[in-house]
Amino acid sequence: MSELVPRRKSDLETQEETHLALCATLSSQATRRHAMANHDATCDFRTAFQRDRDRVLHSRAFRRLKHKTQVYVPHTGDHSRTRLTHTLEVAQLGRTIARALGLNEDLVEAIALAHDLGHTPFGHSGEQVLAAILAGEEPSCPIPEMTRSHCGTFKHNYQSLRVVDVLEQRYDHPGLNLTDQVREGILKHTTWKAAFPFPLPDTAGLRLGLPCHLEGQVVALADEIAQQTHDLEDGLRAGAVSLAEVTKLALPRAVLERGGAALGEEGGRWRRIGRLQRGLIDLLVTDAIGASARNINRQLGRHGITTRAQWRQFADRVSASTVALSAPMAHMLAELKTFIYRFIINHEEVNRQDHRARLVLTGLFRAFHSNPLTLPTYALLRFSEATGRPYLRDLPLARVQAEVDQHYRHSPELIRIIVDHLAGMSDRYALQEYDALYHPKSQPGGGVGEGS
């Protein structure tokens, strides 16, 4: 019997060279903005991308995802998706696709787990509210134009990158010091522009203007598949739509044709919903793997690529839609997506949540902006560090108002700190803060600050 020998980082990197496809991103190629602390090589059992995954899992921002809305607010029921369960589903689908294509599963998983760290409370509604405030389109939260021009806008993929680059504080430098390959995948998991007016602290290593590497493309596609299929299931279980309506669409009909009569007729309603959900995911993932493999092989053949070295020279020119669904499947998914938006995302219950998101986030922004002393201590200390102004709580009370009027109210730094704080909140904490500021109770209470 051969002796078991633990595999160290160098062994794992060699294994990647042997087993992964030539178009995969290898851990040995990983780069970081900051040098890693020296570790005893005999105790290093993780590749660079494994280390990134672990850093994300241990971050405060990751833990807050459990109380952030996906579509239905978490506290209205036990079974609807949260931003955390969505993230885990994206990671699972991404690993399946990556393994089938011979790509780097650890890189895919690290990107997937981090891709929504910058998402706001109350789902995409919260994202839209913060973007509107920064654009000066929210009358209840006026920001002077001169200040606004220096604030930038808001989009959750950029904010996710800001979280891992700046806002998480666990090491001797700001952020989590993730590899550039993971950072790029986080940014490019949804629509992005090279010249987007968002205050990214460091664009080095993001390859702005270039398509994402294949592992990042896997996460983007897995995100879309997960989102549409689980939004549909949540809508079905919430009664926003019926199975009869859904099965009129091309994609569910294709699932029924593959599954036979048992899928549509046998068993209770919940089991039929479960069968449909599994069938949709199986159909989409299977198509994604087959179509992506054909796209990769077509590019390899067209450019005569047979080695890793040749692929590295070509990688900057890879098509942005290499990892993708086939055209017929993409068309069917687009029909399903339109249906979901019309009948689930635009449902009465979800719209009531959207209204509450606007009410709560604009109310909190007004309170923090008009009276910065209502901000938590960490936010005021960040402002002091960023601007060199005195820490507001250290000033004599008689000087506070003048300091706020002269150096806070029109400060782009304060606006961005408030937005960071709001984006980092969970739904639950945002509601608690709103109640504490606008509906104070006689008894003491409150929660622990949730901002980054």
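The values are calculated or read from the model by the stated rules, or taken from the named source; none is laboratory data. Bear in mind that the values here come from a model prediction, so they are computed numbers and not experimental data. Please note: Cβ atoms are built from the backbone with ideal geometry, for glycine as well, and neighbour counts cover all protein chains shown.
For the reader, a short list of remarks on this structure follows.
- Selected residue (only one of THR25, THR96, THR14 is over 30 Å from GLY239 (Cα atoms), hydroxyl-bearing (Ser, Thr, Tyr), at pLDDT 95 or above and in a loop (DSSP other than H, G, I, E, B)): THR25
- All conditions but one from (1) at pLDDT 95 or above; (2) surrounded by fewer than 22 Cβ atoms within 10 Å (Cβ to Cβ); (3) more than 27 Å from GLY363 (Cα to Cα) apply to HIS173; the one that does not is (1).
- From the options THR286, THR306, residue that is loosely packed, with under 12 Cβ neighbours inside 10 Å and on the phi < 0 side of the Ramachandran plot: THR306
- The single residue among ARG308, ARG278, ARG271 that is free of Cβ contacts under 8 Å to residues at least 12 places away in the same chain, within 31 Å of the chain's Cα centre (by Cα) and under 30 Å from ALA110 (Cβ atoms) turns out to be ARG278.
- ARG352 of a type outside the set (Val, Ile, Thr) and surrounded by 12 or more Cβ atoms within 10 Å (Cβ to Cβ): no
- Within the stretch 392-430, the set of residues being hydroxyl-bearing (Ser, Thr, Tyr) and within 22 Å of the chain's Cα centre (by Cα) comprises SER426, TYR429.
- Output for the stretch 173-205, where each listed residue is among the hydroxyl-bearing types (Ser, Thr, Tyr) and in a loop (DSSP other than H, G, I, E, B): THR190, THR191, THR203
- Matching residues in the stretch 131-154 - criterion: being crowded, with 16+ Cβ neighbours inside 10 Å and aliphatic (A, V, I, L, M): ALA131, ALA132, ILE133, LEU134, ILE143
- Flag if ALA254 is outside any helix (DSSP H, G or I) and of a type outside the set (D, E, K, R): no
- Just one of the listed residues (GLN128, GLN181, GLN228, GLN159) is more than 30 Å from PHE343 (Cβ to Cβ) and surrounded by 16 or more Cβ atoms within 10 Å (Cβ to Cβ), namely GLN181.
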